[in-house]
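Shown next, in structure tokens, is the structure this report addresses.
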Amino acid sequence: MTSPERPAFSQDDLPFALLHRDAMMLVIDKPAGLPVHRGPAAKGRIIPVLTDHLDALRFGLPRRPEAAHRLDKDTSGCLVLGRHPRAMAQLNQLFRDGRIEKTYWAVVEGDPAEDAGLIDLPLGKRSPERGWWMKPDPDGLPSQTRYRVLGRGHVNGTAIAWLALEPLTGRTHQLRVHCAASFGPIHGDEIYGSAPRDAGPGLHLHAQSIAIPLNPKREPVTVAAPPPQHMHAALAACGWSAATSFPKP
């Protein structure tokens, strides 16, 4: 019997786009606000999570796919799912080895002094009770992010910048803390910025593209996701246009 907390969904009910499908993996465009896993906050409550939809993504296989990495609930964009245990093992190894290239788009509340660079800023936990809450910490774990400014503009009189971010390490909230410490918070950030919790513009952080070298004899599988609607106005203020193809990551 299906649990009332985990309703069965068909492919027609999916709240996201399927960007790529092959024998090894799927890549979906995860919407902002959809958690990947059911955490303690959702216990006993009917809150949609990605795992509710995995059975609808079998496409004939006996097992449902699994997420090969994580995206924060409020981050949108490319999320990779392994379709079977062998695929998961290969994808997990590629992620551990840092061989999967990920590019994020972010709109930050600030005006970076340089058009490109490397953020090299160790991170540590801000609170032992909340392990996801991070801060710059010289004694923390090494954390590096490459950035490139794609455009600049203003929103409500505040300088903003549209960035391409490439995380070289995978720390919790790395991009959010690195941006807040180096330029200004990501627009809509309720934790490291000043956005209101319930009526804010939404986090302007999007996993725009991913390149996965599944076969050493072939070019990596490269997948891109268009930015979500809630980012369009700020991106447009920085020169982005939905009518044109977006730049290469």
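Since every read-out is calculated from the coordinates, none of them should be taken as a lab result. This structure is a prediction, so every number in the text was calculated from the model and none was measured. In this analysis, Cβ positions are derived from the backbone assuming ideal geometry, glycine residues included, and neighbour counts consider all displayed protein chains.
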* Cα-based helix-to-principal-axis angle, 85-96 vs the chain, degrees rounded to 10 -> 10
* Structure fact -> With only helices counted (DSSP H, runs n ≥ 4, each -39500 (n - 2.57)), the per-residue ellipticity at 222 nm for the chain, to the nearest 500, works out to -3000 deg cm²/dmol
* Report the percentage of all Cα-Cα pairs in the chain whose separation exceeds 29 Å, rounded to a whole percent. => 32
* Selected from His178, His230, His206 as most flexible by GNM, with the chain as the system and alpha-carbon contacts under 10 Å -> His230
* Two-decimal Rg/Rh of the range 42-116 from alpha-carbon positions, Kirkwood Rh? -> 1.09
* **Point-to-point label distance, Arg197-Arg96, nm (Cα→Cβ direction, 7 Å offset)** => 3.8
* In Å³ and rounded to a whole number, note down the convex hull volume per residue for the Cα atoms of the range 32-172. => 169
* **Highest average packing first - 167-174, 56-63, Cβ atoms within 10 Å** => 167-174, 56-63
* Asked: Count of lysine pairs in the chain with Cα atoms under 21 Å apart, counting only pairs 8 or more residues apart in sequence or on different chains?
  -> 10
